[in-house]
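Participant: What follows is a single structure, and I will ask about it in a moment.
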Amino acid sequence: MEKQYRAVIRQKIVDSIATSPPPLTHRDVWLPQVRGKATAVIGMRRAGKTSLLWQILRERLASGTPREGLLYFSFEDERLAGLQASDLDLLVETYYALYPDWRDQRRAVFFLDEIQLVADWELFARRLLDSENIELFLSGSSARLLSREVATSMRGRAMEAVVLPFSFRESLRHQGVEPTGNVTQLPKAVRSMLAKRLLTYLHEGGFPEAQGLDVRNRVELLKGYVDLVLLRDVIERHAVAQPLALRWMVRQLLGNAGSLFSINKFHADMKSQGINVGKDTLYSYLDHLEDAFLVRAVNLASDSEARRRVHPRKIYPIDTGLIPIFDRSGKANLGHALETLVLHELDRRGAELGYVRTVDGFEVDFLARYPDGHSELIQVCTHLDAPETAHREIRALQHAASDYPAAQQLLLVLERPALLDLPHDISLITAQEWLLMA
């Protein structure tokens, strides 16, 4: 068996080195840069993790690393079925047998995709970091290599690079219409084009394979993604005993983006439907869904851990394209979609997030604290033309600012209102400008 694996591994290495990186849409993903640490590329299925590995390889090639020093190796190959962790040394030995000048003398880069298909792979990965002069990238999509468990199983030897579906800018880049230059000084025709494409994005979302599909194919594709995550990454992985309750929860969460979600209320709803499921079980289901990147939960912004625990979390889907599939209200829900889009853009920018509820009961969508120390209070709204809407949103920001005086106050809108008298300490910016600024 070892002889069979050796021949397959050798051929895959040779083929990989001879393969040019495919022309893929460039992703704006933050990558950690800490020597001696592996980079674990994580995210929901079909978000583009493998594409990111090829992008990094292409960038290293462009910066001068010879092609033979960049090894992409996928373990998703039926000829490697049954491969054990002890067999993984064949990969290293075969590579250095082919390229002996790279051993110890030069730093090779290994991109190991779907390595979780090999049991106890993390033992090999840690040994590789300790014993060889190799930079290591890991990625996988099965339930055995999910979310932040990669970093945990590597015991501090891995750092995360999170891949989300296309951002608005990435979707424009994919379509070949990404704007250049100062986004606040674009021609009127370009601004109109961007406004139209933003509305399309809010409805269709950013999953790479869903771009440009007709409605029926896109809906079936995205529903298939959700079903696959539920089956492989939640039900099978965690041996879920009550999948009916789980699916009810998913429909509730994905169809009510940005809404407060109370386990107590949901538990009561389940009980009224004759579904007997414990509250602790529901809490664990929500954690599993977030761990699989299907949803993103935002806690109340508070220095009190007890206060954060007793307040419900706001739940957002991983992609705006999932909202119309699960929302049964029949409304466009642009506000929920825009809020979801802003959330994920803030995540991309590395912000620590919470929502604000003041003592007077006013709510602000996000308190964003950035790595450089500055913070923002962000209120998201589709339109501010109605005086009562503008008054409500401005008042919420002002009340929240009394609790967070150092935070900048920001109003994000789809369209700039014709007339609006804003307090001097509140900035208003259109969503398309804000999304394209970073």
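The values are calculated or read from the model by the stated rules, or taken from the named source; none is laboratory data. Only a predicted model underlies this, so the values are computations on that prediction, with no experimental measurement involved. Positions of Cβ are backbone-derived with ideal geometry, glycine not excepted, and every protein chain shown enters the neighbour counts. Remember, those area values only see protein heavy atoms, side chains included, never the ligands or the DNA or RNA. Shrake-Rupley method; radii C 1.70, N 1.55, O 1.52, S 1.80 Å.
Participant: Round to the nearest 10 and give me the degree value, 0 to 90, for the angle of helix 279-291's Cα axis relative to the longest principal axis of the chain.
Facilitator: So the inclination is approximately 70 degrees.
Participant: Now a separate question. Counting helices only, and only those DSSP H runs with n ≥ 4, report the 222 nm mean residue ellipticity of the chain as the sum of -39,500 (n - 2.57) divided by its residues, in deg cm²/dmol to the nearest 500.
Facilitator: -12500 deg cm²/dmol
Participant: With just the Cα atoms of segment 210-287, tell me how far they stretch along each of the three principal axes, in Å, largest first.
Facilitator: 42, 27, 21 Å, listed from the longest principal axis down.
Participant: Taking the DSSP beta bridges in the chain as the whole, what percent of them are antiparallel, to the nearest 5?
Facilitator: 35 percent
Participant: Using only the alpha carbons, work out the radius of gyration and Dmax of segment 311-438 in angstrom.
Facilitator: 14.5, 42
Participant: Heavy-atom accessible area per residue, segment 309-438, 1.4 Å probe: how many Å²?
Facilitator: Here the residues of segment 309-438 average 46 Å² of exposed surface.
Participant: Keeping all protein chains in place and using 1.4 angstrom, which order do Arg313, Arg247 fall into by accessible surface area, from largest down?
Facilitator: From most exposed to least exposed: Arg247, Arg313.
Participant: In nm, what is the difference between 0.36 nm times the number of residues separating Val310 and Lys279 and their Cα-Cα distance?
Facilitator: Contour length minus the Cα-Cα distance gives 9.8 nm.
Participant: Of all the accessible heavy-atom surface of the chain, with the other protein chains kept in place and a 1.4 Å probe, what percent is carbon and sulfur?
Facilitator: 49 percent
Participant: So, taking all protein chains as they sit and a 1.4 Å probe, how much accessible area belongs to Leu341, in Å² rounded to tens?
Facilitator: Number for this one is 10 Å².
Participant: Which of Leu419, Leu338, Leu221 moves most in a GNM of the chain, Cα contacts under 10 Å?
Facilitator: Ranking Leu419, Leu338, Leu221 by mean-square fluctuation puts Leu419 first.
Participant: Right, another one. In nm, to one decimal, how far is the Asp15 label point from the His238 one, both placed 7 Å along Cα→Cβ?
Facilitator: In this crude label model, Asp15 to His238 measures out at 3.7 nm.
Participant: With the crude spin-label approximation of a point 7 Å out along Cα→Cβ, what separation in nm comes out for Asp287 versus Ala406?
Facilitator: 3.2 nm
Participant: While we're on this one: Just want to confirm a number: the relative contact order over segment 164-274, from Cα pairs under 8 angstrom separated by 6+ residues, in percent.
Facilitator: Worked out over segment 164-274, it gives 22 percent.
Participant: Rolling a 1.4 angstrom probe over the protein heavy atoms, how many square angstrom per residue are accessible across segment 15-158?
Facilitator: I get 43 Å² per residue for this part.
Participant: Starting from the alpha-carbon convex hull of segment 320-368, give the projected area averaged over all orientations, in nm².
Facilitator: Seen from a random direction, the Cα hull of segment 320-368 projects 4.3 nm² on average.
Participant: Could you work out which residue, out of Pro405, Pro312, Pro387, moves most in a Gaussian network model of the chain, that is, has the largest mean-square fluctuation with Cα springs under 10 Å?
Facilitator: Maximum fluctuation in the GNM of the chain, among the listed residues, is at Pro387.
Participant: Here's a follow-up. How far is helix 243-254 tilted, in degrees, relative to the longest principal axis of the Cα atoms in the chain, given as a value from 0 to 90 rounded to the nearest 10?
Facilitator: 60 degrees
Participant: Here is a further query. Take every Cα-Cα distance within segment 1-148, group them into 10 Å bins from 0 onward, and report for each bin the whole-number percent of pairs it holds.
Facilitator: Spelled out per bin, shortest first, that is 10, 43, 39, 8, 0.
Participant: Then there's this: What residue among Arg106, Arg27, Arg218 has the largest mean-square fluctuation in a Gaussian network model of the chain, using Cα springs under 10 Å?
Facilitator: Arg106
Participant: Longer than 27 Å from Cα to Cα, which of Lys12/Lys223; Lys271/Lys314; Lys223/Lys331; Lys223/Lys314 are they? Say none if no pair is.
Facilitator: Lys12/Lys223
Participant: How far is helix 334-348 tilted, in degrees, relative to the longest principal axis of the Cα atoms in the chain, given as a value from 0 to 90 rounded to the nearest 10?
Facilitator: Around 50 degrees separate the two axes.
Participant: Would you work out the relative contact order for the chain, in percent, from Cα pairs under 8 angstrom that are 6 or more residues apart?
Facilitator: 13 percent
Participant: Rolling a 1.4 angstrom probe over the protein chains, ignoring ligands and nucleic acids, what is the accessible area of Val359 in square angstrom, nearest 10?
Facilitator: My reading of the accessible area for Val359 is about 140 Å².
Participant: Provide, as a two-decimal number, the C-alpha radius of gyration of the chain over 2.2 N^0.38 Å, N being how many residues it has.
Facilitator: 1.07
Participant: Among Asp269, Asp280, what's the order by accessible area (1.4 angstrom probe), most exposed first?
Facilitator: From most accessible down to least: Asp280, Asp269.
Participant: To the nearest 20 debye, what is the magnitude of the charge dipole of the chain about its Cα centre, counting +1 on the Cβ of each Lys and Arg and -1 on the Cβ of each Asp and Glu?
Facilitator: Computed about the Cα centre, the dipole is about 380 debye.
Participant: Once you put a point 7 Å from the Cα of Arg6 and another 7 Å from the Cα of Met159, both along the Cβ direction, what distance in nm separates them?
Facilitator: 3.8 nm
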